[in-house]
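Student: Got a structure for you, written out below as structure tokens; questions coming shortly.
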Amino acid sequence: MIIVTGTKRSGTSMWMQLLIEGGFPSIGSAFPKDWGSTIKDANPGGFYESDLREGVYHATNPDPKTGHYLFPEATRRHALKVFVPGLIRTDRAYIDKVIATVRPWREYVRSLDRLYTMEQQAKNAQCGDEKPCVPPPVYIPAALEWWTHNFSLISDVVTRRYPMFMVAYDAVIERPEATVGDVFEWLGEGDVARAVAQVQPQLRTQVSDRCLEVSAAESGLEPAVVAVFDELYETVLRKREIEQSFVDRLNATNELLEERIREALKDAAVRRQERRRAIVDARRRAA
């Protein structure tokens, strides 16, 4: 499979659209579930997600609902969107090539907040006596999530050594012909012109210079950590070689954040339990 991966709001949906228009078969639908009526404005061109976004492994293949099994040899050219945690649990036999898209962490924080707000507003609009409001979902701080997923991705590709092309979100928006051309050349096929026609910069809602001051202030990250976050994105954007000195800084940053991330995950787990109880109680009261 040609797996498109990255964090949420990093351009994974855009890359799925580019690959489909470029002539690659895909797995997933434009607007799963009720997304066409709730969060379509976040990705007007479609999300192209499937039940496999959590990974292609024993729990998802064969499909637990239909029993349908995907064979590696039959899906070599298929494009599939899988978020980073799902890629890490995906069986190596299904990973032919990986396109990993990365977005600046400040934009990620703002864009994710916008997505969750849209989703909650849509759900709240459906509230009533027969359908109680659902408490908002629980997440760890977005900046920590950005780091966790991108660092895990780099660690996974170093360990399992699958072919991966890391591409910056800004490179696609600012230099679509060159960027898409490079990726399709690496893939060995694809209609670049048709794919490039799908790039729509006007749909971008978050821009780094607008996010810069407030996101940095809200993140709670040390200046040295912020510098590494920024350097990681710049390394991908400028297509620089990752030198050992930078690898050392990445590892040191992860060690610094490790306990913080662990505590955030633990806190989120507790709050998710409380949320589940609140949902059950609300449904009982409405019954």
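Read-outs: derived from the displayed coordinates by stated rules, not from any lab. What you are looking at is a predicted structure, and each value in this text was computed from that prediction instead of being measured. As a convention, Cβ positions derive from the backbone with ideal geometry for all residues, glycine included, and neighbour counts pool all protein chains shown.
Student: Under the Karplus relation 6.51 cos²θ - 1.76 cosθ + 1.60, θ = phi - 60°, what is the ordered set of whole-Hz ³J(HN,Hα) values for the stretch 253-258, x standing for Gly and Pro?
Tutor: Running phi through 6.51 cos²θ - 1.76 cosθ + 1.60 with θ = phi - 60° gives 5, 5, 5, 5, 8, 4 Hz.
Student: What fraction of the DSSP beta bridges in the stretch 2-286 is antiparallel, stated in percent and rounded to the nearest 5? Mind showing how you got there, number by number?
Tutor: Working: 1 of 15 bridges.
Approximately 5 percent, going by the DSSP bridge assignments.
Student: Can you sort Val199, Val109, Val4 by how many other beta carbons sit within 10 Å, fewest first? Mind dumping the intermediate values first?
Tutor: Details: Val199 19, Val109 23, Val4 28.
Ascending Cβ contact count within 10 Å gives the list Val199, Val109, Val4.
Student: Which whole-Hz couplings ³J(HN,Hα) result when phi for each residue of the stretch 150-166 is put into the Karplus expression 6.51 cos²θ - 1.76 cosθ + 1.60, θ = phi - 60°, listed in order with x for Gly and Pro?
Tutor: 5, 5, 5, 4, 4, 5, 5, 5, 5, 6, 9, 6, 8, x, 9, 10, 8
Student: May I pose another question? Which trypsin sites (Lys or Arg not before Pro) from the stretch 225-287 combine a DSSP loop assignment with at most 15 other Cβ atoms within 10 Å? The partial results should precede the final answer.
Tutor: Values: sites: Arg238, Lys239, Arg240, Arg249, Arg260, Arg262, Lys266, Arg271, Arg272, Arg275, Arg276, Arg277, Arg283, Arg284, Arg285; in loops: Arg238, Lys239, Arg240.
Passing both the DSSP loop test and the Cβ count: Arg238, Lys239, Arg240.
Student: Let me know the charge dipole size of the chain about its Cα centre in debye, to the nearest 20, where only the beta-carbon of Lys, Arg (+1) and Asp, Glu (-1) is charged. Before the final figure, lay out each step's value.
Tutor: Details: 39 positive and 41 negative charges, 211 e Å.
It comes to approximately 1020 debye.
Student: When only DSSP loop residues count, what trypsin sites (Lys or Arg not before Pro) in the stretch 96-167 have their Cβ near at most 15 other Cβ atoms within 10 Å? The partial results should precede the final answer.
Tutor: Working: sites: Lys97, Arg106, Arg110, Arg114, Lys123, Arg160, Arg161; in loops: Arg161.
Counting only loop positions with at most 15 other Cβ atoms within 10 Å, the trypsin sites (Lys or Arg not before Pro) in the stretch 96-167 are Arg161.
Student: In the structure displayed, which of Lys65/Lys97; Lys8/Lys239; Lys81/Lys239; Lys8/Lys123; Lys8/Lys266; Lys8/Lys97 lie more than 25 Å apart, Cα to Cα? Please report the intermediate quantities before stating the final value.
Tutor: Working: Lys65/Lys97 27 Å; Lys8/Lys239 22 Å; Lys81/Lys239 23 Å; Lys8/Lys123 20 Å; Lys8/Lys266 21 Å; Lys8/Lys97 19 Å.
Pairs exceeding the cut-off: Lys65/Lys97.
Student: Next question. Taking the square root of 5 times each eigenvalue of the Cα gyration tensor, what semi-axes in Å does the equivalent ellipsoid of the chain have, largest first? Kindly include the intermediate steps, with their values, before the conclusion.
Tutor: Working: eigenvalues 174, 128, 82 Å².
Equivalent-ellipsoid dimensions as semi-axes: 29, 25, 20 Å.
Student: If you don't mind, another one. Suppose we flag GluC sites (Glu not before Pro) only when DSSP calls them loop and at most 11 other Cβ atoms lie within 10 Å. Which is the longest uninterrupted stretch of the chain?
Tutor: Working: sites that count: Glu130, Glu189, Glu241, Glu243.
With GluC sites (Glu not before Pro) excluded where exposed in loops, the chain gives 1-129 as its longest stretch.
Student: Continuing with the same structure: Could you tell me which of Ile3, Gly23, Pro136 has its Cα farthest along the dipole of the stretch 2-286 towards the positive end, charges placed at Cβ (Lys, Arg +1; Asp, Glu -1), taken about the Cα centre?
Tutor: With unit charges placed on the Cβ atoms, the residue in question is Pro136.
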